[in-house]
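*Asks:* Here it is, the structure, as structure tokens.
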Amino acid sequence: MKLLVNGKPRESASANLVELWQEETRELSLDSPKGYAVALNGALVRKDRWAETTLMEGDRVEIVRAMQGG
Amino acid sequence: MKADMNPSDSFIIAGVTLGSRLFLGTAGYPNQRILVDAVEASGAEVVTMSIRRISLDRRGSDTVNLLKGRRFLPNTAGCETARDAVLTAELAREALDTNWIKVEVIGDRETLYPDVTELLDATRQLVDAGFVVLPYCNDDPIVCQRLADLGAAAVMPMGSLIGSGMGVANPANLERICRRSSVPVIVDAGIGTASDATIAMELGASAVLLNTAVAKSNDPVLMAGSMRHAVVAGRLAFRAGRIPRRGRAEPSSPQLGLVGS
């Protein structure tokens with residue numbers, strides 16, 4: 001399934017946002033999604049809804065984090 | 001606000017009493033240790049954060065953990081439309097578990113000047129969505145008034161261009177904004193050194209938000225301490241009330257009983 005993750009085309013087997021989150025952040029070895037957030041097709045999806053949010057071909061996903069800023 | 005109406009001179013945003021009138025940005029410090037030490041030296045309770053796409057090639061610093069215990073004020077820096085600012089605010093609320101948001105909608109990347117139309121739209125939408133909205137705006141009394149009318153918890157007019165270090169470019173405007181505003185005025189952007197922060201406070205600002213002046217100084221921790229004092233000094237001077245400016249000398253020592261002649 002083709003997705004657009006943070007603006008980049010991605011081939012993914014993830015069925016829902018929990019799986020995509022694990023796939024995308026594996027190399028970051030995070031303890032928890034604290035400080036992070038996810039949007040699907042331009043709308044926030046809260047963490048407690050990730051499991052039930054299934055992904056479809058062509059979905060646009062944004063994975064963001066809070067970082068240093070002014 | 002008259003000093004005698006508020007003898008403790010408390011500073012309140014959306015029902016929260018803040019012990020410091022300095023808001024500090026967290027970007028651009030030489031390293032994490034200096035950032036943490038500078039925040040500590042500044043005495044700031046509120047620190048600003050940005051929201052950005054994760055990058056998989058580098059983990060980046062965990063600023064959220066480094067600065068836990070401070071009140072986070074996430075921003076929508078870099079957004080050019082109300083729609084992007086609203087989504088960024090929603091993501092920030094989820095990521096940082098706060099409904100405070102510094103709304104910044106810029107008109108172009110050269111001046112980083114606020115786009116007033118989009119800013120008013122974003123402010124209205126975010127107030128409706130239950131956010132405590134602190135908009136970064138022009139030093140324009142009418143724009144500030146419109147934002148307050150829409151329900152902004154404070155207004156944050158620019159001292160001068162973001163990152164310019166030019167200080168308070170239009171003191172007359174800023175003084176007028178502070179005098180008329182029904183919500184706290186936080187001067188945001190343009191502060192270059194301690195005296196700039198003091199001037200903003202002397203003009204009646206409730207607080208100052210700055211980042212580059214500290215982060216890019218030769219010694220950020222020292223400058224952070226300097227800003228802490230500068231803001232307090234300016235506030236005390238504002239409450240005390242300065243003397244009028246005069247065009248001629250006025251002796252301060254008694255004129256009678258002079259020795260000689």
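*Asks:* Select, from A:Leu3, A:Leu30, A:Leu20, the only residue that is surrounded by 14 or more Cβ atoms within 10 Å (Cβ to Cβ) and without any contact (Cβ under 8 Å) to a residue 24 or more places away in the chain.
*Replies:* So the residue among A:Leu3, A:Leu30, A:Leu20 that is surrounded by 14 or more Cβ atoms within 10 Å (Cβ to Cβ) and without any contact (Cβ under 8 Å) to a residue 24 or more places away in the chain is A:Leu30.
*Asks:* Would you call B:Leu119 within 14 Å of chain A (Cβ to nearest Cβ), in contact (Cβ under 8 Å) with a residue 24 or more places away in the chain, under 19 Å from B:Ala154 (Cα atoms) and in a helix (DSSP H, G or I)?
*Replies:* No, not satisfied.
*Asks:* Take the stretch B:71-103 and flag every residue that is at negative phi, part of a loop (DSSP other than H, G, I, E, B) and more than 9 Å from chain A (Cβ to nearest Cβ).
*Replies:* Answer for the stretch B:71-103, where residues must be at negative phi, part of a loop (DSSP other than H, G, I, E, B) and more than 9 Å from chain A (Cβ to nearest Cβ): B:Thr76, B:Cys79, B:Glu80, B:Thr81, B:Thr98, B:Asn99.
*Asks:* Same structure again: Pull up the stretch B:178-201, narrow it to residues that are more than 14 Å from the chain's Cα centre (by Cα) and not in a loop (DSSP other than H, G, I, E, B), then point me to the one that is surrounded by the most Cβ atoms within 10 Å (Cβ to Cβ).
*Replies:* The residue in question is B:Ser195.
*Asks:* For the stretch B:202-223: of the residues being within 14 Å of chain A (Cβ to nearest Cβ) and assigned to a helix (DSSP H, G or I), which is surrounded by the fewest Cβ atoms within 10 Å (Cβ to Cβ)?
*Replies:* If we take residues in the stretch B:202-223 being within 14 Å of chain A (Cβ to nearest Cβ) and assigned to a helix (DSSP H, G or I), then B:Thr212 is surrounded by the fewest Cβ atoms within 10 Å (Cβ to Cβ).
Quick note: the coordinates plus some simple rules give every number you see, no bench work behind them. Values in this document were obtained by computation on a predicted structure and should not be read as measured data. Positions of Cβ are backbone-derived with ideal geometry, glycine not excepted, and every protein chain shown enters the neighbour counts.
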